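Student: Quick one: the structure is below, questions incoming.
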Amino acid sequence: MIGGNNASPVTLTPVGVLYSKGPYRGTEGPANGWFIAIAVHAVPTKFSETLQPPTGGFAWEAGDRVLTESQGNASNTPWAAEVPVFSSDQPIAVGQTRLGIVTFDVPKKGGVLTYANPDQSGTIRWQIPATDTGTGLDSVRKRIKLFS
């Protein structure tokens, strides 16, 4: 369990992973080799909460390499702005499950998904499978098909 922007406890659970290299019509492919879309369920347990902090947040790690969602071409994928994401202006109600897609432009499959508390008081880590797996990524698949 981690804290959101208001320091309220939030349970985060990655539920799906999808890798894609492109090519895509009308947009650049990944600068680092692979786009990875990770579906994450978030459930606040005490107060309504948001999950797009100005500091901290989600990152991808492998070895000594750390990438954020804003690095490489991650913000220029066919699914950018078309799938659910976590944002500071969309509070999640207590007990409500919110699906958010976090996207990175990474050099290889696998790695570790991290979320750092906004107050930098702690980080939680999940090992990322090196294969496509899980649920929550149908909207990403539709956008890939549309631009392939």
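Student: Using a 1.4 angstrom probe on the protein heavy atoms only, could you order Asp64, Asp119 from most to least accessible area?
Tutor: Asp64, Asp119
Student: While we're looking at this one, here's another question. Based solely on its DSSP helices, what 222 nm [θ] is calculated for the chain when runs of n ≥ 4 H residues each add -39,500 (n - 2.57) and the sum is averaged over all residues, nearest 500 deg cm²/dmol?
Tutor: About -2000 deg cm²/dmol.
Student: Quick one: ranking Thr135, Thr103 by accessible area, 1.4 Å probe, largest first, what do you get?
Tutor: Thr135, Thr103
Student: Could you please tell me the mean projected area of the C-alpha convex hull for segment 1-73, averaged over all directions and given in square nanometres to one decimal?
Tutor: Working: hull surface 24.9 nm².
Mean orientational projected area (segment 1-73, Cα hull): 6.2 nm².
Student: Moving on. Roughly how many nanometres apart are two label points built 7 Å out from the Cα toward the Cβ at Ser87 and Asp64?
Tutor: For Ser87 paired with Asp64, the spin-label model returns 3.8 nm.
Student: Would you tally the net charge around Leu51, using a Cβ to Cβ cut-off of less than 13 Å, leaving Leu51 out, and scoring K and R as +1, D and E as -1?
Tutor: On the way: positive: Arg98; negative: Glu49, Glu69, Asp89.
Summing Lys/Arg as +1 and Asp/Glu as -1 gives -2.
Student: Given the pairs Lys46/Lys108; Lys108/Lys142; Lys46/Lys145; Lys46/Lys142, which are separated by over 31 angstrom at their Cα positions?
Tutor: The answer is Lys46/Lys108; Lys46/Lys145; Lys46/Lys142.
Student: Another question, if that's okay. Run the 1.4 Å probe and let me know the accessible area of Phe104, rounded to the nearest 10 Å².
Tutor: 0
Student: Another question about this same structure. Students often get this wrong: which residues of segment 89-114 have the backbone nitrogen under 18 Å from the point 7 angstrom along Cα-to-C-beta of Phe47?
Tutor: Correct set: 89-96.
Student: Would you mind counting up the charge near Leu137? Only other residues with Cβ under 14 Å from its Cβ, with Lys and Arg at +1 and Asp and Glu at -1.
Tutor: Surrounding charge for Leu137 is +1.
Student: A further question follows. With the other protein chains left in place, how much accessible area per residue, in square angstrom, belongs to segment 1-111 at a 1.4 angstrom probe?
Tutor: Numbers: 4990 Å² over 111 residues.
Value returned for segment 1-111: 45 Å² of accessible area per residue.
Student: Tally Lys/Arg at +1 and Asp/Glu at -1 over every other residue whose Cβ is under 15 Å from the Cβ of Trp34; what's the total?
Tutor: -1
Student: Further question: Using a 1.4 Å probe over the heavy atoms of the protein chains, calculate the carbon and sulfur portion of the accessible area of the chain as a whole percent.
Tutor: Of the solvent-accessible surface of the chain, carbon and sulfur hold 51 percent.
Student: Indicate the gyration tensor shape class of segment 44-123 (rounded, prolate or oblate), computed on the Cα atoms with a ≥ b ≥ c the square roots of the eigenvalues: a/c under 1.5 is rounded; otherwise a/b larger than b/c is prolate and the rest oblate. Mind showing how you got there, number by number?
Tutor: On the way: a/c = 2.20, a/b = 1.39, b/c = 1.58.
Oblate is the answer for segment 44-123, as a/c is 1.5 or above yet b/c matches or exceeds a/b.
Student: For Ile92, list long-range residues whose amide hydrogen, built 1.01 Å from N in the peptide plane, is under 5 Å from its own amide hydrogen.
Tutor: Glu49, Thr50
Student: Using a 1.4 angstrom probe and counting only protein chains, how large is the accessible area of Val15 in Å², to 10?
Tutor: That residue has around 40 Å² of solvent-accessible surface.
The values are calculated or read from the model by the stated rules, or taken from the named source; none is laboratory data. These numbers come from a predicted model, not from an experiment. Quick reminder, even Gly has a Cβ in these numbers, built from the backbone with ideal geometry, and neighbours come from all protein chains shown. Ligands, DNA and RNA are excluded from the accessible area calculation, which covers all protein heavy atoms including side chains. Shrake-Rupley method; radii C 1.70, N 1.55, O 1.52, S 1.80 Å.
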